[in-house]
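A.B. asks: The structure is given below, and queries will be raised subsequently.
The values are calculated or read from the model by the stated rules, or taken from the named source; none is laboratory data. The structure presented is a predicted model; accordingly, all values stated were derived computationally and were not measured. Glycine gets a Cβ as well: all are built from the backbone with ideal geometry, and neighbour counts include every protein chain shown.
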There are 2 protein chains.
Amino acid sequence: MGEFDLIARYFARPAKRSPLGPGDDCALLAPAPGMQLAVSSDMLVEGRHFLSTVDPARLGHKALAVNLSDLAACGAKPLAFTLALSLPTVDESWLAGFSQGLFALADAHDCELVGGDTTRGPLNICITVFGEVPAGAALLRSGARAGEDIWVSGTLGDARLALEAFRGTLSLPAALFAQARARMESPTPRVTLGHALRGIASAAVDVSDGMLGDLGHILRASEIGARIDADAAVTCIGVSTDPDFAAAALPIEILRLCALSGGDDYELVFTAPASAREAVAQAARSAATAVTRIGQTERDAGLRLVDAQGAPITQRFDSFDHFA
Amino acid sequence: MGEFDLIARYFARPAKRSPLGPGDDCALLAPAPGMQLAVSSDMLVEGRHFLSTVDPARLGHKALAVNLSDLAACGAKPLAFTLALSLPTVDESWLAGFSQGLFALADAHDCELVGGDTTRGPLNICITVFGEVPAGAALLRSGARAGEDIWVSGTLGDARLALEAFRGTLSLPAALFAQARARMESPTPRVTLGHALRGIASAAVDVSDGMLGDLGHILRASEIGARIDADAAVTCIGVSTDPDFAAAALPIEILRLCALSGGDDYELVFTAPASAREAVAQAARSAATAVTRIGQTERDAGLRLVDAQGAPITQRFDSFDHFA
């Protein structure tokens, strides 16, 4: 199968909304009047962002999900994406699975593939996503003020628990491992929540490299600090609510590591004034997404970690760095 | 050096025109009222699109040039780009060269880097470029009519000559090899010409996989055929005008192969009615770019190749396919 057949069979679909979709030199996008276009690119590499054993449908889902998560963190509504794909071989069953997972998520968010590139080479997936946000309404990292609440959406740490189980550094009951693995391989971008938080959250970021590290981007951009309740973050671990979880008897240090700096969560961390608590709760209900309050912003720079009793925690947490 | 230091040292520059540049979850772009955004993505892989020996500054130039060439083929004015980069190691001298070559071309076209991604992995460069074009004014592949002129910009075939010299299948005098190699490693995107051809050309495509193959996209999209003067295309080989070229005594079959299906040219092939010849010449002068008339479109589908005397040529030419 040649390059153009491959594109035609697995990736070509008629453009619905874009003035010009795949198949010309460029795609054409026309944002509505008064709208800005939010743009983000993520590149996924085998062995770094996914294991070679991953189900291709889950990988197709994840490749787009991590990009939609960036739109969510800006409060932007997904419009379109481009896909550049480097493939070692033409494996039709892989392509069928990958494109099925990719388009299932794309269709769920009404986000259309408008162009891209395919080449032969080590497996690499690069998606650039486009969303729409009214001028001036995007959620930024720089809008937080001291004395605000710090919230996190959904669950934290499950992806890292699954990764550590894959690495053999810990062991999980089979059902919990499957649950955690699904969170690692098939994250849920919080697009609806991000959209609902426009005008409510003062700042937002998506959690990809680890919660504390990503929160750090808000703190630096907003020139403030924070106090985080590590044990409130640990309660966000999805599998921790399972009755079988206690039997795994994982040390609290491991749980804190996974929740606070696990990485690959694709949740939102955001700040909002205390006066907006009911509005945040309403936004969360409207998006059918749980949110948990895990700390407060403070005037003094830096991050202060405390346990459920307010006692300082000295354990160190590094966020993920591809080159560290 | 960590990931964020790497970005800060080599790629972070203040946003000039975009409402929000690198450093948040998304970049924000605001096309002017009435403008559409033209978008294109290209992925470059070592060993497929460039040799490991390439000068990193030339590679930085080329990675953006191949994307700008897609904007040129639409007649769009460059605005911004994202860069996703997978690097096997942090090689500071490579990064310094790559970013210098990249930004030199970006600055020449007033095209700003607004975001991206960096990761560790096999060397892979994925750029997504954004340009602006008035609604309805983009040059498409589908606008050609039978009986029009077929034109090509600049030079054809030099990149392929250099590649074949690298492969050892032919030999070129050193000065000619250097000239051809520069065309392969440092192509000139025809942005100014593409812009000048809006309203004049009926269809356009950029030449990346080989001229005949890329012209084929216009023919299929426009449901027409063409007659091409292969020897007129051969006169477009840049090094063929050098006095030392005759000494290389390359067979005409090789020259035709390089000119007609060489690939990596990043020139424009475009169609225009015969009544627009003076307008085409004027656009070419205004863009300081040579153009050569190499054939005519015809009602009958398919491609008919003739020599300078009008006799049919039976040599077959395949365009480049990453998976063929």
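A.B. asks: Touching a residue at least 12 places away in the same chain (Cβ under 8 Å) and over 30 Å from B:E164 (Cα atoms): which single residue out of B:E253, B:E298 fits that description?
C.D. replies: B:E298
A.B. asks: Tally up the residues in the range A:86-118 that are under 25 Å from A:A182 (Cα atoms), of a type in the set (D, E, K, R) and either crowded, with 21+ Cβ neighbours inside 10 Å or within 14 Å of chain B (Cβ to nearest Cβ) (or both), please.
C.D. replies: Number of matching residues: 3.
A.B. asks: Restricting attention to the range B:39-55, does a residue exist that is touching a helix residue (DSSP H, G or I) at 6+ places or on another chain (Cβ under 7 Å) and under 23 Å from B:T289 (Cβ atoms)?
C.D. replies: Yes; the residues of the range B:39-55 include at least one that is touching a helix residue (DSSP H, G or I) at 6+ places or on another chain (Cβ under 7 Å) and under 23 Å from B:T289 (Cβ atoms).
A.B. asks: Can you tell me which residue in the range A:86-129 is farthest from the chain's Cα centre (by Cα), limited to those that are under 17 Å from B:D70 (Cβ atoms) and at pLDDT below 95?
C.D. replies: A:T119
A.B. asks: Can you tell me how many residues within the range B:35-52 are facing chain A (nearest Cβ under 7 Å) and either out of contact with any strand residue (DSSP E or B) (no Cβ under 9 Å at 6 or more places or on another chain) or assigned to a strand (DSSP E or B) (or both)?
C.D. replies: 9
A.B. asks: Another question about this same structure. Go through the range A:121-137 and count every residue that is in contact with a Leu (Cβ under 6 Å, 6 or more places away or on another chain) and either over 14 Å from A:P189 (Cβ atoms) or of a type in the set (K, R) (or both).
C.D. replies: 3
A.B. asks: Answer yes or no: is there a residue in the range B:290-311 that is assigned to a helix (DSSP H, G or I), of a type outside the set (F, W, Y) and either surrounded by fewer than 18 Cβ atoms within 10 Å (Cβ to Cβ) or in contact with a strand residue (DSSP E or B) (Cβ under 7 Å, 6 or more places away or on another chain) (or both).
C.D. replies: Looking for residues that are assigned to a helix (DSSP H, G or I), of a type outside the set (F, W, Y) and either surrounded by fewer than 18 Cβ atoms within 10 Å (Cβ to Cβ) or in contact with a strand residue (DSSP E or B) (Cβ under 7 Å, 6 or more places away or on another chain) (or both), one finds none in the range B:290-311, hence no.
A.B. asks: Can we say B:F317 is closer than 15 Å to B:G213 by Cα, within 14 Å of another protein chain (Cβ to nearest Cβ) and aromatic (F, W, Y)?
C.D. replies: Criteria not met by B:F317.
A.B. asks: Restricting attention to the range B:3-22, which residues are modelled with pLDDT under 70 and within 11 Å of chain A (Cβ to nearest Cβ)?
C.D. replies: Across the range B:3-22, the qualifying residues are B:S18, B:P19, B:L20, B:G21, B:P22.
A.B. asks: A follow-up question, please. Go through A:R181, A:R160, A:R141 for me and flag whichever is among the charged types (D, E, K, R), without any contact (Cβ under 8 Å) to a residue 40 or more places away in the chain and touching a helix residue (DSSP H, G or I) at 6+ places or on another chain (Cβ under 7 Å).
C.D. replies: A:R181
A.B. asks: Name the residue, out of B:A247, B:A259, B:A233, B:A276, that is surrounded by fewer than 23 Cβ atoms within 10 Å (Cβ to Cβ) and either at pLDDT 95 or above or outside the structural domain of B:G157 (by TED's automatic domain parsing) (or both).
C.D. replies: None of the others qualify; the one that does is B:A276.
A.B. asks: Continuing with the same structure: So which residues in the range A:272-312 are closer than 29 Å to A:H61 by Cβ and of a type in the set (S, T, Y), if there are any at all?
C.D. replies: A:S286, A:T289, A:T292
A.B. asks: Run A:T82 past the list (1) on the phi > 0 side of the Ramachandran plot; (2) facing chain B (nearest Cβ under 7 Å) and report the number of the one that doesn't hold.
C.D. replies: Only one criterion in (1) on the phi > 0 side of the Ramachandran plot; (2) facing chain B (nearest Cβ under 7 Å) is unmet by A:T82, namely (1).
A.B. asks: Has the range A:53-76 got at least one residue that is within 13 Å of chain B (Cβ to nearest Cβ), over 18 Å from the mean Cα position of the chain (by Cα) and either assigned to a helix (DSSP H, G or I) or buried (at least 20 other Cβ atoms within 10 Å of the Cβ) (or both)?
C.D. replies: no
A.B. asks: While we're on this one: What do you reckon, is B:A221 buried (at least 16 other Cβ atoms within 10 Å of the Cβ), of a type in the set (A, V, I, L, M, F, W, C), in contact (Cβ under 8 Å) with a residue 12 or more places away in the chain and within 19 Å of B:R160 (Cα to Cα)?
C.D. replies: no
A.B. asks: Which members of the range B:212-229 meet the condition of being more than 11 Å from chain A (Cβ to nearest Cβ), assigned to a helix (DSSP H, G or I) and either closer than 10 Å to B:I150 by Cβ or touching a Phe, Trp or Tyr at 6+ places or on another chain (Cβ under 9 Å) (or both)?
C.D. replies: Selection gives B:L212, B:L215, B:L219.
A.B. asks: Consider the range A:119-133. How many of its residues are in a strand (DSSP E or B) and facing chain B (nearest Cβ under 8 Å)?
C.D. replies: Adding up the residues that qualify gives 8.
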